[in-house]
Amino acid sequence: MNCSSLVIALLATVVAGFASAARGAGIDLSAHRLVDLTHPFDDRTLYWPTSPSTFKLERLSYGTTPGGWFYAANALCAPEHGGTHLDAPIHFGEGRHTADQVPLEQLVAPAVVIDVSAKTAADRDYRLTRQDVLDFERRHARIAPGTIVLLRTGWGRFWPDRKAYLGDDTPNDASKLSFPSYGEDAARILVEERRAAALGVDVASIDYGRSQDFIVHRVAAAANVPGFENLAGLEALPPRGATVIALPMKIAGGSGGPLRAIALVPKR
Ligand SMILES: [Zn+2]
């Protein structure tokens, strides 16, 4: 091997190395299942009992045009907070990130799923505890900074039955709600110590239904950590290994908004 062919061979090795490193660093979609984490938006979509309006889809056009082709278009109107949606940090934190300001790194990240569905089956007002987080980490390793933490209560199976899902269906009254979610001490370890990218849950709020002080919202907002509420499909995710892509409508100055969230789950 002469000098130039040695250089070429070395270059080829280096290039091949970069190529395989790039493959390793990329996402091979054929090796993943795609899981939809969003409930559809329609006239059954649940909003907070005190919400003055709900999701509305107004038909603007549907049918054959004078030119002979088909054309459909609608107008939509909805409160930011309802259905599967983002809570931007400004929702409970003055001066914190608005919907359009949440860094993409907090919306696209590895996820862990903490399953408390056995505990919520016995207590519908169950709140995730610090000990639950530590128990999860003992089995599945420490939660790394930048992880999207998802809490699986099992409540997704009640959607969109208002009474079963929210615990009460009295119009304009949020004082008798009853559903599980995060507790304050769990939120503090996840947000302040583990530096979670976001907190997601398959109920209507990252605070449990009986909350009057919304302390989990306040702890998360103070650290610019967004919330994902009314998630679907958490039962299809492993405790760790999934990657979540949770992209809200980019509402300038918004306090939240409709969220299309999916997960990539390795098939192996
Ligand atoms: Zn919200």
With the requirement that a residue be open to solvent by 40 Å² or more (accessible area, probe 1.4 Å), in contact (Cβ under 8 Å) with a residue 60 or more places away in the chain and not charged (D, E, K, R), what does segment 89-106 give you? Ile90, His91, Phe92, His97
Search segment 197-215 for residues being among the aliphatic types (A, V, I, L, M) and open to solvent by 10 Å² or more (accessible area, probe 1.4 Å), and hand back the single one that is farthest from Ile143 (Cα to Cα). Ala204
Selection over segment 144-173 where residues are open to solvent by 30 Å² or more (accessible area, probe 1.4 Å), part of a loop (DSSP other than H, G, I, E, B) and either closer than 22 Å to Ser211 by Cβ or hydrophobic (A, V, I, L, M, F, W, C) (or both) yields a count of 9
Odd one out for Ile90, checked against (1) in contact with a Pro (Cβ under 8 Å, 6 or more places away or on another chain); (2) of a type outside the set (Gly, Ala, Ser); (3) within 16 Å of the ligand (Cβ to nearest atom): (1)
Considering segment 216-245 alone, what residues qualify as being in a helix (DSSP H, G or I), open to solvent by less than 30 Å² (accessible area, probe 1.4 Å) and farther than 15 Å from Gly256 by Cα? Val216, Val219, Leu234
Of the conditions (1) away from the ligand (no atom under 16 Å from the Cβ); (2) crowded, with 20+ Cβ neighbours inside 10 Å, Gly83 clears all except one; give me its number. (1)
Restricting segment 30-56 to residues that are β-branched (Val, Ile, Thr) and under 22 Å from the mean Cα position of the chain (by Cα), which is most open to solvent (accessible area, probe 1.4 Å)? Thr54
Evaluate segment 97-105: report whether one residue or more is in a strand (DSSP E or B) and touching a helix residue (DSSP H, G or I) at 6+ places or on another chain (Cβ under 9 Å). no
Would you be able to say whether some residue in segment 177-190 is within 15 Å of the ligand (Cβ to nearest atom) and of a type outside the set (A, V, I, L, M, F, W, C)? yes
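Can you name every residue in segment 228-246 that is closer than 19 Å to Thr147 by Cβ and either touching a Cys at 6+ places or on another chain (Cβ under 9 Å) or within 16 Å of the ligand (Cβ to nearest atom) (or both)? Talk me through it step by step, then tell me what you get.
Filtering segment 228-246 for residues closer than 19 Å to Thr147 by Cβ gives 228-229, 231, 233-234, 236-246.
Residues satisfying the conditions are Phe228, Glu229, Leu231, Ala246.
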Select from segment 57-80 the residues that are in a loop (DSSP other than H, G, I, E, B) and open to solvent by 70 Å² or more (accessible area, probe 1.4 Å) and write down the one among them that is farthest from the ligand (Cβ to nearest atom). Pro66
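For segment 205-219: of the residues being touching a His at 6+ places or on another chain (Cβ under 9 Å) and not hydroxyl-bearing (Ser, Thr, Tyr), which is farthest from the ligand (Cβ to nearest atom)? Reasoning before the result, please.
Filtering segment 205-219 for residues touching a His at 6+ places or on another chain (Cβ under 9 Å) gives 205-207, 211, 217.
This time we only want the ones that are not hydroxyl-bearing (Ser, Thr, Tyr), so: 206-207, 217.
On the way: Ile206: 8, Asp207: 10, His217: 8 Å.
Applying the filter and picking the extreme gives Asp207.
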Search segment 194-209 for residues that are under 17 Å from Pro239 (Cβ atoms) and pair each with any residue that is among the aromatic types (Phe, Trp, Tyr) and away from the ligand (no atom under 12 Å from the Cβ) when their beta-carbon atoms are under 9 Å apart and the residues are at least 6 apart or on different chains. Leu199/Tyr182; Val201/Trp155; Val201/Tyr182; Asp202/Trp155; Asp202/Trp159
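Here are Ala122, Ala141: which of them is among the hydrophobic types (A, V, I, L, M, F, W, C), surrounded by fewer than 19 Cβ atoms within 10 Å (Cβ to Cβ), out of contact with any helix residue (DSSP H, G or I) (no Cβ under 6 Å at 6 or more places or on another chain) and in contact (Cβ under 8 Å) with a residue 40 or more places away in the chain?
Working: Ala122 fails: in contact (Cβ under 8 Å) with a residue 40 or more places away in the chain.
When all the criteria are applied, what remains is Ala141.
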If I filter segment 247-268 down to residues being within 11 Å of Arg33 (Cβ to Cβ) and open to solvent by 10 Å² or more (accessible area, probe 1.4 Å), which single residue comes out as nearest to the ligand (Cβ to nearest atom)? Ile262
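The values are calculated or read from the model by the stated rules, or taken from the named source; none is laboratory data. Computed from a predicted structure; not experimentally measured. Neighbour counts run over all protein chains shown; Cβ positions are idealised from the backbone, glycine included. Please note that ligands, DNA and RNA were not included when accessible areas were found on the heavy atoms of the full protein model with its side chains. Shrake-Rupley method; radii C 1.70, N 1.55, O 1.52, S 1.80 Å.
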